[in-house]
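The values are calculated or read from the model by the stated rules, or taken from the named source; none is laboratory data. Values in this document were obtained by computation on a predicted structure and should not be read as measured data. Positions of Cβ are generated from backbone atoms using ideal geometry, with glycine treated the same way; all protein chains shown enter the neighbour counts. These accessible areas exclude ligands, DNA and RNA; they are computed on the full protein's heavy atoms, side chains included. Shrake-Rupley method; radii C 1.70, N 1.55, O 1.52, S 1.80 Å.
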Amino acid sequence: MTRKKQEPGGIKALAVFMICLLVFGTCGWALYAKLTEQTSPLNVLTGTLGGSITIGTTSSPDSLDIRTQSGNAVTQALLGNVYESLLSRDQNNKPQAGIADSWKVSDDGLRYTFTINNGKTFSNGDALNANDVVWSLQQTIERKYQGADRLTNLASVTNNGNNTVIITLRSPNPDLAWALSGRAGIVYDKDARYSYSTEAVGSGPFVVDEWDKDASLVLKANARYWGQRAKTGTITLQYYRDDAAAVSAFGKGEVDAVTPIAATQKSALQKASDADNVQIVQGTSTQKLVLGFNNGADSILSDKRYRQGMRYAIDREALMNALGGGQTLGGPLTSLEPGYEDLTGMYPHNDDKATELLSYFFYVSKRRTLTFVYPQRYGSQVGELLKQQVYPMNVDLDVKMVDDATWQKTVVQQKQYDFTLFDMSDSHDLATLMDGDNYIGYDSPEAQTLWKKTQASDSDSAYESNMKALARQISTDSPVDWLGVRQPITAYRNTITGMPKNMTDQLLPLRDVQVR
């Protein structure tokens, strides 16, 4: 049988028809996806509109298991990017809508109702609803995951269908909404099975594409993301051994941005950068550097007057510069916490006032030897500076720099110190100080009364007012000296937009970061 030859015009017509079908089909789906907020086939295949950015930083996670891994490195990389919480946290450290689109609190502060709209999914395509929220909170509490200690006074966690979660408390917890915007509120896929230490299945705008421990972590845009999608297809977190190495890499053009860089590195960053093409911004954080006093009976610092005198003798700005720089503090709260007020005027550096307050102790003992035990990672300069500052106060300071394990044994367990140094890296963390069993040994009836009143606050306004009174009382008691709060620097090329600036040592939300 003879095959009939295809006419040229027929081939052209068929080709035109197929092209038109593809074009109109794609456009039609795109229009439909826009109207219905569905994922288009193209986005499923490519996962992004394209583009890549590399950010240099210094804090590398030892594990991707955000449930159990301590420290800020894993939250900096994954929280808000890969994993999401019931509520989210803005750049002012305030809770806002997250997986829950809205929430309300009863007048007595004992019932929280969260509403979760339809259409949310995890990165593997599994639906996300109230059942996942309840299961995740129960797992966090039962298994004591990171942040579980924030979920206090809970009576029950239940859901009413797929869209409503109800948390009932036995007594008010004014920090609950804030806690649910962090690790305590992470929502996991109860049906997913994977290795949490090396993989991550979350509901955020990114997925983990690659992870090379101590070297880099690559995030890819999540094509199934239920909300506003990431503006950049690939973002790589490149890890460096220290700030100087990160600054050098930025100057060489190896990375597009760096954060968080210590305030003392600002001049080096300016020298290494092309000023006309770079933005350098200074943010703030909640990471406090604290000079601890031994309030126990075995130390002269158990006397409040002696502690107050020492606070006058200490030059906080000089010590903070030795520790990497930052904003000096006068009390236990930072500007990103409820109830903050500037208390630096309560005990400013003033040798005359220090001498006046400590004169009684000069008569008791002409000179005394006190010990300063602190982790060697803070460097020797801070020890030498404190030694010089307290010398005129008839104190010979015995400085002991030790490794972290020795510090834990000597300071935390045995309480064999007079001065020590530590970080309080989280906000809303006064419970650590108010626990009289800790190594500081702070025990103030007045402060404890105010603390209980604060914890019983049933509204945001009452909480802020009570916290302000508590902070002032604690500063008066002077159980420690709050040296300052870190002010991380972020630098990026002028072509980059959307970089966060506050709390980048803890949270680094990258959804809005893009090259313009």
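Of the trypsin sites (Lys or Arg not before Pro) in segment 177-225, which ones lie in a loop per DSSP and count no more than 16 other C-beta atoms within 10 Å? Mind showing how you got there, number by number?
Values: sites: ARG183, LYS190, ARG193, LYS213, LYS220, ARG224; in loops: LYS190, ARG193, LYS213, ARG224.
Passing sites in segment 177-225 are LYS190, ARG193, LYS213.
Solvent-accessible surface of segment 306-387, averaged per residue with a 1.4 angstrom probe and all protein chains in place: 43 square angstrom. Local charge for LEU128 was computed over the other residues whose Cβ lies under 13 Å away, with Lys and Arg +1 and Asp and Glu -1, and equals -3.
Find how much the distance from ASN162 to GLN139 grows on full extension, using 0.36 nm per residue of separation minus their present alpha carbon separation; answer in nm with one decimal. Before the final figure, lay out the partial values.
Details: separation 23, 0.36 × 23 = 8.28 nm, distance 1.84 nm.
Full-extension gain reported as 6.4 nm.
Only alpha carbons enter this Debye calculation for segment 449-516, each as an equal point scatterer, and the log10 of I(q)/I(0) it gives at q = 0.16 Å⁻¹ is -0.76. Sorting the segments 485-491, 366-372 by their mean number of nearby beta carbons within 10 angstrom, highest to lowest, gives 485-491, 366-372. The share of Cα pairs per 5 Å bin across segment 179-302, counted from zero up to the longest distance, runs 2, 8, 12, 14, 14, 15, 12, 9, 6, 4, 3, 1, 0 percent. Here is the size of segment 260-302 from its Cα atoms: Rg then Dmax, 19.0, 58 Å.
With R₀ set to 25 Å, the beta-carbon distance separating ASP274 from ARG377 gives a calculated FRET efficiency near 0.15. Summing Cβ point charges (Lys, Arg +1; Asp, Glu -1) relative to the Cα centre of the chain gives a dipole of roughly 1420 debye.
Set the Förster distance to 56 Å, then compute FRET efficiency between GLU210 and LYS366 from the Cβ-Cβ distance, nearest 0.05. Write out the running numbers ahead of the final one.
Details: r = 64 Å, r/R0 = 1.14.
It comes to 0.30.
Hey, could you grab the Kirkwood Rh for segment 121-243? Inverse mean 1/r over distinct alpha carbon pairs, Å, one decimal. Present the calculation step by step, with values, prior to reporting the outcome.
Details: mean 1/r = 0.0614 Å⁻¹.
Averaging 1/r across every pair of different Cα atoms and inverting gives 16.3 Å.
Across segment 229-242, coupling constants 3J(HN,Hα) worked out from phi with the 6.51/-1.76/1.60 Karplus curve, θ = phi - 60°, read 6, 4, 8, 10, x, 9, 10, 10, 8, 9, 9, 10, 5, 7 Hz, and Gly and Pro carry x.
Using the Cβ-Cβ distance between LYS353 and ASP443 with R0 = 22 Å, the FRET efficiency computed as 1/(1 + (r/R0)^6) comes to roughly 0.30.
Taking label positions 7 Å along the Cα-Cβ direction at both ASN117 and ASP460, the computed distance is 2.0 nm, reported to one decimal.
Shown for the chain: the carbon plus sulfur share of the solvent-accessible area, taken with all protein chains present and a 1.4 angstrom probe, equals 48%. Placing pseudo-labels 7 Å out from each Cα toward the beta carbon at TYR391 and VAL515 gives an inter-label distance of 5.4 nm.
Below 8 Å between Cα atoms, with a sequence gap of 6+, how large is the relative contact order for segment 123-215 in percent? Numbers along the way, then the final one.
Details: 109 pairs, mean separation 29.1, N = 93.
Taking the mean separation of contacting Cα pairs over the length of segment 123-215, I get 31 percent.
The heavy atoms of MET434 offer some 10 square angstrom of accessible surface to a 1.4 angstrom probe. Pair-distance distribution P(r) for the chain, from all Cα-Cα distances in 10 Å bins starting at 0: 4, 16, 24, 23, 17, 8, 4, 2, 1, 1, 0, 0, 0 percent.
With the biggest extent put first, the Cα atoms of segment 352-427 measure 38, 25, 25 Å across the principal axes.
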